[in-house]
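What follows is one structure encoded as structure tokens, with my remarks underneath.
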Amino acid sequence: MKTICFYFQIHQPFRLKRYRFFDIGGDHYYYDDFNNEAIITRIAERSYRPALQTLSEMIENSGKKFKAAFSISGTALEQMEIHAPEVIESLKSLAKTGCIEFLAETYAHSLSSLYDDAEFERQVKLHSAKIQNLFGQTPVVFRNTELIYSDEIGEKIQKMGFKGVMIEGAKHILGWKSPNFVYNCASSPKLKILMRNYRFSDDISFRFSNQGWSGFPLTAEKYIDWIASTPENETNINLFMNFDTFGEFQTRESGIFNFLKALPRCAEERKINFRTPSEIFQSTKAVDSIHVMHNISWADEERDTSAWLGNRLQKDAADKLYSISERVRMSKDRRLMQDWNYLQSSDHFYYMSTKHSSDGAVHSHFSPYDTPFDAFTNYMNVLGDFIARVNAQFPDTIENEELNALLTTIHNQDHKIMDLEEELKKLKATKRKESKATKA
Amino acid sequence: MKALMFGWEFPPHILGGLGTASFGLTRGMVDCGDMDITFVIPKPWGDEDKSFLKIIGANCTPIAWRDHSEEYVQQRIGYCTEPKEYFHLRNHIYADFNHLGYLNDLGCIEFSGRYPENLLEEINNYSIVAGVIARSDNFDVIHSHDWLTYPAGIHAKKVTGKPLVIHVHATDFDRSRGNVNPTVFGIEKDGMYWADKIITVSEMTRQTVIDKYHIDPRKVITVHNAVEPVSPEIEAIVPIRNTKDKVVTFLGRITMQKGPEYFVEAAHRVLQRTKNVRFVMAGSGDKMNEMIRLASARGIADRFHFTGFLKGKQVYEMLKSSDVYIMPSVSEPFGISPLEAMQVGVPSIISHQSGCAEILTNVIKIDYWDIEAMADAIYSIVTYPAMYEHLKIEGKNEVDQIVWEKAGQKVIDIYKEVLGWR
């Protein structure tokens, strides 16, 4: 019996406003509110709302046999709370059906897994807390930003207590293997792995409405037939995609929602079921382990991290950002922490990509900037101001370790003073007794 | 294929970008093979590179019969023309021009080869000479570079019946910021009317030709300019750096068309923030004094320098000592100079209103009037090493791919099209 595992990604960054270098030091608000609101409301209207509605109908009509997983970044959740609270509400009611699993990720959809372990852990915890708070679930399966993964990251995740991870079924990793099995991580075998079947996933997310494609028009029957005709022993078909595939990339007019709706029925006819990642990990043993020496992701043709860290500009910006990571965490300033989260979103680096291939077109399609140089300059200006604010909190002449010791001292000083006062009181009391005793 | 080209400038004696482009293009075409180019200029100096094409001087072409010995001709114009050529051309005089009072002893007209007061008269004389040259050989196609030579091209076309291609390196709309000279406009429009195909150096210029001159879009084709590889002498120039400050350079004629005032304003913005930058305005022009006054009015004269006119090697010395090259042109049909800056590894900022912006990626593009964006771009390059490095390295890689052979092949294809050969 074959199992389909759907997982949808929802992410929106806080896009930056035009920030000139003369604003450095004068203006500490970095976000393009107008653009951010316009984008989130448009996508909520065209995609999230109708798609969630479709999912809830699917769950209902199939008698809760349809299941799926969501990974929603913290920055997207925040924006939806402000501009599209109805999406949060529908997600909450979907969560109540028990057919939806929420996955863990980094709060800001960041690249912290590649740079800073402490920051990575902090963000994952922050995100899990947010999911728990909103949907009453604590994620047990992890999904990193844009499916970035390596053995090293696998180990970190496993140590943080996650049971499994979702990764890209990259050809150069799999070789002759098939993505349609459950695997485990080579360096920490307790961590199970689901791999994206990019052919079937992209059939929906990229090719669905492409009239030049041999598979056009794609019907649910045809699609399930394709899945059913994979070799008998390949049991897990993992379909991972952006949630805005439904309604945004594939428009409502393309019939994508009807296609979705028909899936559970067709699947049932062909004896294919739907399960969430944690259900799969609980019931299925890994057939083999997967070695991933170098970072992989689901982005671009290369399936590596070059979409975010492919050129000098991107690397320099990321290095600069994470160079102050420890400093920022020492400060407990809420506004600083908030900006710190927002500035880490991988999108900022994605906009700086200078790739010229067909993927380059995808990059510029999503970018609010005309050119990667524009994106870099704007981001660096903002970062310049941010770093100045961090440095204003603590003089940058003091080493981090020394600073930490000082902060601990300051933090503990109240306790210390209270302790000392207590002691003083006691001493005074004993002294008084003593003096009374001598008088007597 | 034999092409007869009419131009106004040819290196090494050039006054603007037209000469550089004429040289590069003809060289690129010859490198593509099977091209035989005769290039006419008003006044050759004799030190032009004739290794790949034939150069005819309009001032050495007789339009009235004079009897002279070979020795005399050799002594008079031998520095640039073979006497045999002179006699051959003399056989094709087509009318009696003795009534023109200004013929010299050889029956030729003198040309200045520059852009003199009586330019219109020179243009007319040039087209009279063109009639002789067009008759002297059997050319397949006629190609005129810029408006000065359109009348000559038209004349040659009428005489020989061969197709005419005109090459628009600039229009009067670019030169005058909209205040078009009606006579020049008339000559340009006439050339476009008679041409079988019009080549423009950028898509922007193509749109000007279509919109302002009302030409059928199907007739107008863009062939972007390219740039000659850096010569070893230039490669060998060692940049002089006497200051630790970053240097931002504007290099070109200081005229309205080049937008120098926006550069001064942007410099002012940058200097409000950061002190370790110097600005250089290299070149001369009618706006120079105004710019000097503007810089001092903004109180940045201590960091804003004027070099005056630079020539030859000096240009590259200046470029190589710069950290940023900037060309905020208000209207630039193509603009080869940013490509030259990129060749020697200088990050460039150019305006969207420049034709070269259409083919360059690893440069920063701004609107010429957007001094905030310009200042931001300058600040970014001088402050963030990654930006500087990226533009320096990727810019050079990119511009090394822009070679004249490709442009030349496109022009040859256009010839074949007008000749019905494909």
Helices (runs of 4 or more DSSP H) contained in the stretch B:1-109 and holding at least 2 residues more than 25 Å from the chain's Cα centre (by Cα) and not aliphatic (A, V, I, L, M): B:70-77, B:83-90
The stretch A:265-287, subset under 15 Å from residue A:63 (Cα atoms) and in a helix (DSSP H, G or I), residue farthest from the chain's Cα centre (by Cα): A:269
Residue in the stretch A:15-68 that is farthest from the other protein chains (Cβ to nearest Cβ), counting only those that are in a helix (DSSP H, G or I), charged (D, E, K, R) and crowded, with 16+ Cβ neighbours inside 10 Å: A:49
Any hit, the stretch A:179-201, residues being out of contact with any strand residue (DSSP E or B) (no Cβ under 8 Å at 6 or more places or on another chain), part of a loop (DSSP other than H, G, I, E, B) and under 28 Å from residue A:235 (Cα atoms): yes
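Do we have residue B:370 as away from every other protein chain (no Cβ under 11 Å) and of a type outside the set (Phe, Trp, Tyr) here?
Details: away from every other protein chain (no Cβ under 11 Å): no; of a type outside the set (Phe, Trp, Tyr): yes.
Considered against the rule, which asks whether it is away from every other protein chain (no Cβ under 11 Å) and of a type outside the set (Phe, Trp, Tyr), residue B:370 comes out as no.
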Single condition residue B:150 does not satisfy, out of (1) more than 19 Å from the chain's Cα centre (by Cα); (2) within 21 Å of residue B:61 (Cβ to Cβ): (1)
Of residues in the stretch B:263-300 being over 16 Å from residue B:371 (Cα atoms) and acidic (Asp, Glu), the one farthest from the other protein chains (Cβ to nearest Cβ): B:286
Helices (runs of 4 or more DSSP H) contained entirely in the stretch A:334-379, each with at least 2 residues that are modelled with pLDDT of 85 or more: A:334-343, A:347-350
Those residues of the stretch A:383-430 which are over 30 Å from residue A:17 (Cα atoms), at pLDDT below 85 and touching a helix residue (DSSP H, G or I) at 6+ places or on another chain (Cβ under 9 Å), in sequence order: A:398, A:400, A:403, A:404, A:407, A:409
Pairs with Cβ under 7 Å, 6+ apart, first in the stretch A:317-335 and more than 19 Å from residue A:403 (Cα to Cα), second surrounded by 15 or more Cβ atoms within 10 Å (Cβ to Cβ) and among the aromatic types (Phe, Trp, Tyr): A:317/A:349; A:317/A:376; A:317/A:379; A:318/A:115; A:318/A:349
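Within 21 Å of residue A:376 (Cα to Cα) and among the β-branched types (Val, Ile, Thr): is that true of residue B:363 in this structure?
In short, yes.
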Tally, over the stretch A:288-330, of residues that are assigned to a loop (DSSP other than H, G, I, E, B) and surrounded by fewer than 16 Cβ atoms within 10 Å (Cβ to Cβ): 4
Extreme residue, nearest to residue B:338 (Cα to Cα), among residues of the stretch B:394-422 that are of a type in the set (A, V, I, L, M) and out of contact with any helix residue (DSSP H, G or I) (no Cβ under 8 Å at 6 or more places or on another chain): B:414
Single condition residue B:233 does not satisfy, out of (1) in a loop (DSSP other than H, G, I, E, B); (2) modelled with pLDDT under 95: (1)
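Results for (1) hydroxyl-bearing (Ser, Thr, Tyr); (2) crowded, with 22+ Cβ neighbours inside 10 Å; (3) within 16 Å of residue B:146 (Cβ to Cβ), shown as yes or no for each residue.
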{"position": "B:200", "(1), (2), (3)": "yes, yes, yes"}
{"position": "B:203", "(1), (2), (3)": "no, no, no"}
{"position": "B:211", "(1), (2), (3)": "no, no, no"}
{"position": "B:219", "(1), (2), (3)": "no, no, no"}
{"position": "B:223", "(1), (2), (3)": "no, no, yes"}
{"position": "B:228", "(1), (2), (3)": "no, no, no"}
{"position": "B:235", "(1), (2), (3)": "no, no, no"}
Cross-chain or 6+ apart pairs with Cβ under 7 Å, the stretch A:131-148 first and free of Cβ contacts under 8 Å to residues at least 24 places away in the same chain, then among the hydroxyl-bearing types (Ser, Thr, Tyr): A:132/A:138; A:138/A:128
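Filter the stretch A:2-14 down to residues that are touching a strand residue (DSSP E or B) at 6+ places or on another chain (Cβ under 7 Å) and closer than 19 Å to residue A:74 by Cα and give me whichever is surrounded by the fewest Cβ atoms within 10 Å (Cβ to Cβ). Step through it out loud before you land on a result.
Within the stretch A:2-14, the subset touching a strand residue (DSSP E or B) at 6+ places or on another chain (Cβ under 7 Å) is A:2-10, A:13-14.
Then drop every residue that is not closer than 19 Å to residue A:74 by Cα, which leaves A:7-10, A:13-14.
Numbers: A:7: 23, A:8: 23, A:9: 25, A:10: 21, A:13: 26, A:14: 24.
Top of the filtered list is A:10.
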Total residues in the stretch B:254-270, condition in contact (Cβ under 8 Å) with a residue 40 or more places away in the chain and outside any helix (DSSP H, G or I): 1
Residues (modelled with pLDDT of 95 or more and among the β-branched types (Val, Ile, Thr)) located in the stretch B:161-180: B:165, B:166, B:168
Matching residues, the stretch A:158-186, being in contact with a helix residue (DSSP H, G or I) (Cβ under 8 Å, 6 or more places away or on another chain), free of Cβ contacts under 8 Å to residues at least 40 places away in the same chain and surrounded by 17 or more Cβ atoms within 10 Å (Cβ to Cβ): A:165
Tally of residues being at the interface with chain A (Cβ under 9 Å from one of its Cβ atoms), without any contact (Cβ under 8 Å) to a residue 60 or more places away in the chain and not hydrophobic (A, V, I, L, M, F, W, C) across the stretch B:373-417: 7
Elements of type strands (runs of 3 or more DSSP E) in the stretch B:294-405, at least 1 residues being surrounded by fewer than 24 Cβ atoms within 10 Å (Cβ to Cβ) and not assigned by TED's automatic domain parsing to the domain that holds residue B:11: B:304-308, B:364-366
Identity of the residue in the stretch B:333-367, of a type in the set (Gly, Ala, Ser) and within 12 Å of chain A (Cβ to nearest Cβ), that ends up nearest to the chain's Cα centre (by Cα): B:357
Subset of the stretch A:146-178 [of a type in the set (Phe, Trp, Tyr) and more than 18 Å from the chain's Cα centre (by Cα)]: A:176
In the stretch B:163-190, residue surrounded by the most Cβ atoms within 10 Å (Cβ to Cβ) [restricted to those that are within 17 Å of residue B:411 (Cβ to Cβ) and of a type outside the set (Val, Ile, Thr)]: B:167
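The values are calculated or read from the model by the stated rules, or taken from the named source; none is laboratory data. For clarity, every value in this text was computed on a predicted model and none was experimentally measured. In this analysis, Cβ positions are derived from the backbone assuming ideal geometry, glycine residues included, and neighbour counts consider all displayed protein chains.
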